[in-house]
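S.K.: This structure is in structure tokens; I'll ask about it shortly.
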Amino acid sequence: MRTGIAIACTVSLAAAAFADTDPPEHELLLVLGAPGEPKFEDGFHAAAKAWERAAESTRAKMDIVGLDDSEESDRDRIEKWVTQLDPESTTPAWIVYIGHGTHTQKRTLLNLRGPDLSASELGEWLDPLERTLVFIHGGSASAPFINRLSKPNRVLMTATRSGSELNYARFGERFAQVIESRAGDANQDGQVSLLEAFVFTAQSVEQFYLDENRLASEHALIDDNGDAVGTPADWFRGERLVQTPEDNVTPDGFRSRQIAFIPSEQERGLTPDQRFQRDQLEAELETVRKRKDSLDEDEYYRQLEAVLLKLGDIYIEEDS
């Protein structure tokens, strides 16, 4: 238990170091579930340390639930963290869960120390938030959280493609390692986007089962377009979509390409507000491009130019 207290204190001190001078890049809640068996505890703690080191390398305001002793239950501490968030902030809010999950016909749960937390309860707490939210459930039986939490401007990742994949899942711990190491930068732009990290981690998990000659018991999904339908990692090569959904459904991948936990030097030059504006303009640009066939040529380029000029203004502000 002393290890958990040390990690939590270190993160709090690191956050305090920049709190008075710079806005945070991210607000992160890391939740460690009840390990259940001692053999899982070391992996959970190693993942927490990886996130701690990643947070120290950027301006992340990080809180940890599930390691230190508290008079409050872990469930209550999560509720307090969520309800105290500024619902309209431009800073991305992250909830990362490392642990086990369970699923029945009635409920899908995060297995915490003390009372468990259901997808429905977490969804109710998060419903008022309009800001960018990243939710990563790295444990078993995690897919049903997509159904409850999916909304526009949210990036959701789960270790499994259904609630029936109940075995211990490795995705969450490996994702922490990818974030810390910055592995998987497929487009070589100096940062690892959420989409790149998702694809790289899923490939690592898949390779584990192949090397062990075992049937894979987890298949990760990502949802970032608000349609509550997750997309598997093998639909992507790096950030490039290689398989498209049917019936002209908007594919996942666009929003998660825009977010990186540890930004490149160029990204560090932008404030959270500027990034938020940039991301919105890039989404607007994507909409214009999709309408190309329905617009006459002059109108298409007029709309394209209008958005590009606004994007240019953001980078002029950065340099000034």
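S.K.: If you keep only loop residues by DSSP, which trypsin sites (Lys or Arg not before Pro) in region 84-165 have at most 15 other Cβ atoms within 10 Å of their Cβ? Provide the component values of the computation, followed by the final result.
M.R.: Details: sites: Lys106, Arg107, Arg113, Arg131, Arg148, Arg154, Arg161; in loops: Lys106, Arg107, Arg113, Arg131, Arg161.
Sites meeting the loop and neighbour criteria: Lys106, Arg107.
S.K.: Count charges around Asp223 for me, please; just the other residues with Cβ under 15 Å from its Cβ, Lys/Arg as +1, Asp/Glu as -1.
M.R.: Numbers: positive: Arg148, Lys151, Arg154, Arg161, Arg255, Arg257; negative: Asp224, Asp227, Asp252.
Charge balance in the 15 Å sphere: +3.
S.K.: Helix 74-83 sits at what angle to the longest principal axis of the chain, using alpha carbons and giving 0 to 90 degrees rounded to 10?
M.R.: Once rounded, one gets 20 degrees.
S.K.: I'd like the per residue volume of the convex hull spanned by the Cα atoms of region 48-118, given in cubic angstrom.
M.R.: Values: hull volume 8.3 nm³, N = 71.
Residue-normalised Cα hull volume stands at 117 Å³.
S.K.: Net charge near Asp86, counting Lys/Arg +1 and Asp/Glu -1 over other residues with Cβ under 14 Å of its Cβ?
M.R.: So the surrounding residues net to -2.
S.K.: When only alpha-carbon atoms are used, what values of Rg and Dmax, in angstrom, describe region 94-253?
M.R.: Using the Cα atoms of region 94-253, the pair Rg, Dmax is 15.1, 45 Å.
S.K.: Beyond 31 Å, what share of the Cα-Cα pairs of the chain remains, rounded to the nearest whole percent?
M.R.: On the way: 14928 of 51040 pairs.
Counting every Cα pair in the chain, those more than 31 Å apart make up 29 percent.
S.K.: I've got another one for you. What whole-number distance in Å separates the alpha-carbon centres of region 150-211 and region 258-320?
M.R.: 27 Å
S.K.: State the antiparallel share, in %, of DSSP beta bridges confined to region 2-263, rounding to the nearest 5.
M.R.: In region 2-263, approximately 35 percent of DSSP beta bridges are antiparallel ones.
S.K.: Round to the nearest 10 and give me the degree value, 0 to 90, for the angle of helix 38-56's Cα axis relative to the longest principal axis of the chain.
M.R.: With rounding to tens, the tilt is 40 degrees.
S.K.: What is the helix-to-structure angle for 272-290, meaning the angle in degrees between its Cα long axis and the longest Cα principal axis of the chain, kept from 0 to 90 and rounded to the nearest 10?
M.R.: Roughly 60 degrees, rounded to the nearest 10.
S.K.: For the chain, which span is the longest to avoid every loop-located (per DSSP) member of GluC sites (Glu not before Pro) having at most 12 other Cβ atoms inside 10 Å?
M.R.: Values: sites that count: Glu71, Glu72, Glu88, Glu130, Glu212, Glu246.
It runs 131-211.
The numbers here are math on the coordinates, done by the rules we state, and not lab data. A quick note: this is a predicted structure, and the numbers were derived from the prediction, not measured. Note that we place each Cβ from the backbone using ideal geometry, even for glycine, and neighbour counts take in every protein chain shown.
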